[in-house]
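One structure is given below, encoded as structure tokens.
A short reminder: the numbers here are calculations on the coordinates, not readings from a lab. None of the values given here were measured: they were computed from a predicted structure. We place every Cβ from the backbone using ideal geometry, glycine too, and count neighbours over all the protein chains shown.
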Amino acid sequence: MSLDNNIITRWQQSEYLLIGGSAGSFKLIFNIVKNLNANLNKAVIIVIHRKKNFFSEIEKLFAENSRISLREITDKEVVNKNTIYIAPANYHTLIERDGSFALDVSEAIWYSRPSIDVTFESASDVFDGKCTAILLSGANQDGAEGLLKLRNKGCLTIVQDPEDAEMPQMPLAAIEIDAAEYRLSSAEIFELLKT
Amino acid sequence: MNIEQEILSVQQLDELVDLIKKFHGFDFSSYSKASLKRRVLRIMQNKKQAFYDLKHVLVNNQAFFQEFLDEITVNVTEMFRDPSFYKALNNQVIPYLSTYQHIKVWSAGCSSGEESYSLAILLNEAGLRKKSFIYGTDINSEMLKEARKGIYSLKKIKSYAENYQFSGLKGSLTDHFTIMYDAATVHSELKHNTLFSIHNLVSDAIFNEFQLISCRNVFIYFESELQEKILELFYNSLAPLGFLCMGSKETIRSDKFKKKFKVINSKENIYQKIVS
């Protein structure tokens, strides 16, 4: 495996972990949630594309398998460490300067609400580089622009290796605009998150 | 490292908010900044305006302001958005309301009227149309014009009909519309039960007493202090034991108002005014 010291140090110094995923990412995110250290000491924000009106047990399933407290985001809730936050369906999730979540029901981006771009862009405004962002498998190009903004602010930006992703379009879109500092296989992502 | 030049700084956003208040009388100072910034950036990108261009047209071009207002106020709405909310309303609140002589409903932040008409349809199907009346209010006069027309594209109606099905209502959404070509118009009997008018939650006062206030996915655009101020307005506008409905991801955060409302449904955020 090819994790260099730079990526490990910057991951360890991050106060926030952002994860964006769409088609083909669900199982991987589930396993990430399951394997995160109990004493992670970071806030984790997960944006998964999901359909509205489909009664979803994602939060329940994830919470049962996580060692860290996990919840669906409510408006104005303050982002805390050692908590995993899931973006609710049919809303965009933004982050305010005071470190609280703000929801938004404006137009879907890339047919998606929640949109990964919206959360990533908003995080790039407030997290001051102290953040690791991972963009996973997906069949559209949501998240690429947002990832670039995070990279430009000095955040550690990672995409799932397109060859490893069930749906390579989303990571590829990010690579195309040079938004990803690293491309890692799912095995490497797990290894990094364990350090 | 490629550090991108900030296109719209915090100070510049504040400057715009001040300017809009001064020149157009709309106060956005307690709006959630993350969302507001995103909306303003969108306008700047679409219009290819730099910050100073935007400032200039906002001061000098009155017609542009309406366009600006349409863009920064989020006017995305659906009929029967969150079908489970309408199901809860039907099961837990409508039976209670049906015992009243008159049911006055305030749909606050109604935009193009979808929520107001959803409530009108719900009341109609419960056999309460003749004794109910719905006031839809918004700050955007153009949106209110749309609401009064009650005309929606068939494409939208198709997605609303899906919501309606999930809400567990027995009829069919299209029973309430007249369909012509590619658009559907709300039946006039429902329109007779609605009144759409300008009201700014930030600055305007009580205008009636209601048995039900629905203000869903509006609070998300406001900072906490403003939310509390508007809760006060709602509390004072509700009849004793009246109901307040908020969006499913919104919640009463203020301790003062937590004590003044009873939770009827915690998942759908339906509350009832407690009389002390």
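Here are some notes:
- Packing order of peptides A:27-34, A:70-77, highest average first: A:70-77, A:27-34 (average count of other Cβ atoms within 10 Å over each peptide's residues).
- With respect to chain B, whose longest principal axis is taken over its alpha-carbon atoms, helix B:154-166 is tilted by about 50°.
- Counting every other Cβ atom within 10 Å of each residue's Cβ, A:Asp98, A:Asp125, A:Asp4, A:Asp164 order from fewest to most as A:Asp4, A:Asp98, A:Asp164, A:Asp125.
- Judged by the ratio a/c of the largest to the smallest principal axis of the C-alpha gyration tensor, segment B:221-276 counts as oblate, that ratio being 1.5 or greater while a/b is no larger than b/c.
- Kirkwood-type hydrodynamic radius, segment A:118-158: 10.0 Å, calculated from all non-identical alpha-carbon pairs.
- Whether segment A:135-195 is rounded, prolate or oblate, judged on the alpha carbon gyration tensor where a/c under 1.5 counts as rounded: oblate
- Listed cross-link partners A:Lys27/B:Lys33; A:Lys194/B:Lys258; B:Lys22/B:Lys47 are compared with a 30 Å cut-off, the Cα-Cα value being larger for A:Lys27/B:Lys33; A:Lys194/B:Lys258.
- Near B:Phe261, the amide H atoms lying under 5 Å from its own belong to B:Ile274; only residues 5 or more places off or on other chains count, and H is placed 1.01 Å from N.
- Calculated [θ] (222 nm, deg cm²/dmol) that DSSP helices of n ≥ 4 give over chain B, each run adding -39,500 (n - 2.57): -12500 deg cm²/dmol
- Cα-centred dipole magnitude for the protein assembly as shown, charges only on beta-carbon of K, R (+1) and D, E (-1), debye, nearest 20: 1520
- Cross-link reach list, lysines versus B:Lys87, counting only Cα pairs under 18 Å and skipping chain neighbours closer than eight places: A:Lys52, B:Lys170, B:Lys249, B:Lys267
- Relative to one another, the C-alpha centroids of segment A:152-188 and segment B:167-184 are positioned 45 Å apart.
- Under 15 Å from the B:Ile206 label point (7 Å along Cα→beta-carbon), backbone N, segment B:237-264: B:237-243
- Point-to-point label distance, B:Asp70-A:Asn80, nm (Cα→Cβ direction, 7 Å offset): 4.4
- Trypsin sites (Lys or Arg not before Pro) within segment B:177-267: DSSP coil, no more than 15 neighbouring Cβ in 10 Å: B:Lys259, B:Lys267
- Of the beta bridges in the protein assembly as shown, as assigned by DSSP with both residues counted there, near 30 percent are antiparallel.
- Within straight-line cross-link reach of A:Lys42, aspartates and glutamates at Cα separation under 14 Å, skipping those fewer than 8 residues along the same chain: A:Glu15
- Per-residue [θ]222 nm for chain A (sum of -39500 (n - 2.57) over DSSP H runs n ≥ 4, rounded to 500): -9000 deg cm²/dmol
- Using alpha-carbon coordinates, inclination of helix B:62-72 to the longest axis of chain B, degrees: 60
- Sequence-distant residues sharing a close amide H with A:Leu18 (under 5 Å, placed H): A:Ile45, A:Thr132, A:Ala133, A:Ile134
- Rg then Dmax, both in Å and based on the Cα atoms of chain B: 19.8, 68.
- Tensor-based shape of segment A:1-146 (alpha-carbon gyration tensor, a/c under 1.5 rounded, otherwise prolate or oblate): rounded
- A P(r) calculated from all alpha carbon pairs of the protein assembly as shown, with 20 Å bins opening at zero, reads 23, 53, 23, 1 percent.
- Segment B:His102-B:Met180, length gained on full extension (0.36 nm per residue, minus Cα span): 24.7 nm
- Degrees separating the helix B:51-60 axis from the principal Cα axis of chain B, which is the longest one: 70
- Along the axis of the charge dipole computed for chain A (Cβ charges of +1 for Lys and Arg, -1 for Asp and Glu, origin at the Cα centre), the listed residues A:Met170, A:Gly129, A:Tyr16 are led at the positive end by A:Tyr16.
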